[in-house]
Amino acid sequence: MRCVATSHRPVRVILIALVLAAAARGSAFAGVPYVTDDTETPVRGHWEINVAYVLQQSDPRVAQTPIFDFNYGFRDAIQLKYEMPILFVSPDGAPNETGIGDAKAGVKWRFVEETSHRPQLATYPAVNIPLGNESRGLGSGSVSYFLPLIAQKSWGPWTAYANVGFIMQPAAESNDYGYYGATLTREIATVKIGAEFYGNGTTTPGGVRSAGWNAGLEWSIVERFTLLASGGHSTAGDAGTTLYLGGQFRLGDRVSE
């Protein structure tokens, strides 16, 4: 990335906002601790609350410190989601910025259940809500829309899931673009380890395609709390190193399986 003179603050702010928009998939970690989402939903009437620190080591460096991710089992196989980060943006040669970032709200619907011969299928339409201050580089300044298709299949301790989707960005100087991801996990006692590969098309005119990988773990320390962690790096584009460290809290009455 070319350096920007420190006296051109408006230009720097615009560049920060564009980078945040371009990194929307890479930093979202939808299927925590991974970018690729799964088809699972909370038990009806129960909550899954993820609180995490997310870092994207690039220029500018973007940290979500923390990100709050609320998921509610509204119906069997239907999940409501609301996610909001506190952003710390550290561009080279410019003052740091901290504040509320853009929120994300969505509904996950698992419309096909898994059998021995077929995978689970789900969709997860969502909207980016521009709450972040665009002038300070903390938000994209416009609404965007996510429409993914998710497939998942398990074989004993192994689980694989994949996403393909499309993001619509009505804002000027933005592209509509597709994205994809695939994750493979293995459960060993109370720990689940996994790895993923993901990518997306160009998010802005003249931009480049992005791709990256993550390796992670989910450790169910007690019945209602799981430690979540992952880390990875880009293989194409400007995303740089990514890190996710957090926990999932499960709230609700105990139910029979």
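The values are calculated or read from the model by the stated rules, or taken from the named source; none is laboratory data. In this text, all values refer to a predicted model and were calculated from it rather than measured experimentally. For neighbour counting, all protein chains shown are included, and Cβ atoms are generated from backbone atoms with ideal geometry for every residue, glycine included.
A few comments on the model shown:
- In the set Val89, Val51, Val62, Val35, only one residue is at pLDDT 90 or above, touching a strand residue (DSSP E or B) at 6+ places or on another chain (Cβ under 7 Å) and farther than 21 Å from Thr183 by Cα; that residue is Val51.
- Scanning segment 205-227 for residues that are under 17 Å from Gln56 (Cβ atoms), buried (at least 16 other Cβ atoms within 10 Å of the Cβ) and touching a residue at least 24 places away in the same chain (Cβ under 8 Å) gives Gly207, Ser210, Ala211, Gly212, Asn214, Gly216.
- Meets criteria (closer than 27 Å to Trp109 by Cβ and in contact with a Phe, Trp or Tyr (Cβ under 6 Å, 6 or more places away or on another chain)) for Glu196: yes
- Residue that is farthest from Asp37 (Cα to Cα) [pool: residues in segment 166-198 that are of a type in the set (Gly, Ala, Ser) and free of Cβ contacts under 8 Å to residues at least 24 places away in the same chain]: Ala172
- Of residues in segment 96-135 being in contact with a helix residue (DSSP H, G or I) (Cβ under 8 Å, 6 or more places away or on another chain) and more than 21 Å from Tyr53 (Cα to Cα), the one modelled with the lowest pLDDT: Ser135
- In segment 105-120 there is at least one residue that is surrounded by 15 or more Cβ atoms within 10 Å (Cβ to Cβ) and over 28 Å from Gly247 (Cβ atoms).
- Any chance Val62 is in a strand (DSSP E or B), in contact with a helix residue (DSSP H, G or I) (Cβ under 7 Å, 6 or more places away or on another chain) and within 28 Å of Gly141 (Cβ to Cβ): yes
- Leading residue by the ranking (nearest to Thr185 (Cα to Cα)) among those in segment 107-157 that are in contact (Cβ under 8 Å) with a residue 12 or more places away in the chain and among the β-branched types (Val, Ile, Thr): Ile150
- Listed by first and then second residue, the pairs linking a residue in segment 33-48 that is in contact (Cβ under 8 Å) with a residue 40 or more places away in the chain to a residue that is among the acidic types (Asp, Glu) and in a loop (DSSP other than H, G, I, E, B), with Cβ atoms under 9 Å apart and 6 or more places separating them unless they lie on different chains, are Thr39/Glu114; Thr41/Asp76; Val43/Asp76; Gly45/Asp253; His46/Asp253.
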